[in-house]
């Protein structure tokens, strides 16, 4: 699941177990091409956040295959009420990840009220001692990071650990978020498989998967140099299906918390690897 750097945008301006639908829809990884739309609402906010209300929509589109690589298109749009004014935040991210070659490309544009705030672009790949990042925007820069997982790899790690019954693991993850110049330490907690309850808010939106089991997952992201009882930069909880689809999101940015309920799920065509 892709992290959003929404917190930096807002606070700076304020002061998916089931089988795939069809066998050919997934490759060896088991991940399926899909488009998921989530309705976002503010669950909680501190006085320090300066946020009186917030709502929006997130669109997460995942396509590709194990042999050609995976493309993610992600858009995160929210309207924020500060009490004195309202503004629109719009983050648009595209990534491409080749698991076999261990390469990752990313581009993120962030807007406030249609004005461009940030444009980050670059690529990452295995280096001699870890991950080498080549940024091209906002300025050309080469960065050497610790050995890290890319987003789709990390999702596959979560699914594999869930299948093995391993409830906790930690990894460095690089996804190009924020300024695209650092990896974060992700601590992941995976619960036992569950089936939807009668009051499960967005289970009915999961279509063919509405009554299928899932794993409850929480991932907390920390700065690499954090020690002891450090506060995570960002925490996300969700219900995860074996094919990579997620729903019932909770996104905790520290000063405010958003929920994301699955509003629509569409399975997309995917070509089988030859």
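The values are calculated or read from the model by the stated rules, or taken from the named source; none is laboratory data. The shown structure was predicted, so the numbers you read here are calculated from the model rather than taken from an experiment. Note: ideal-geometry Cβ built from the backbone for every residue, glycine included; neighbour counts use all protein chains shown.
Remarks
- Of the residues making up segment 139-195, those that are assigned to a strand (DSSP E or B), closer than 20 Å to residue 100 by Cα and under 14 Å from the mean Cα position of the chain (by Cα) are 149, 173.
- Going through (1) modelled with pLDDT of 95 or more; (2) under 16 Å from residue 252 (Cα atoms) one by one, residue 59 falls short only on (2).
- Selected residue (criterion: nearest to residue 170 (Cα to Cα)) from residues of segment 235-257 that are surrounded by fewer than 21 Cβ atoms within 10 Å (Cβ to Cβ) and either modelled with pLDDT under 95 or in contact with a helix residue (DSSP H, G or I) (Cβ under 7 Å, 6 or more places away or on another chain) (or both): 254
- When segment 113-140 is filtered for residues that are closer than 30 Å to residue 87 by Cβ and either surrounded by fewer than 17 Cβ atoms within 10 Å (Cβ to Cβ) or in contact with a helix residue (DSSP H, G or I) (Cβ under 8 Å, 6 or more places away or on another chain) (or both), the ones remaining, listed by number, are 113, 114, 115, 116, 117, 118, 119, 136, 137, 138, 139.
- Taken as a whole, the structure leaves residue 208 outside the set of residues that are touching a helix residue (DSSP H, G or I) at 6+ places or on another chain (Cβ under 7 Å) and not in a loop (DSSP other than H, G, I, E, B).
- Residue count for segment 88-126 under the criterion of being assigned to a loop (DSSP other than H, G, I, E, B) and more than 20 Å from residue 68 (Cα to Cα): the result is 2.
- When restricted to residues that are surrounded by 14 or more Cβ atoms within 10 Å (Cβ to Cβ) and out of contact with any helix residue (DSSP H, G or I) (no Cβ under 8 Å at 6 or more places or on another chain), segment 164-173 contains 1.
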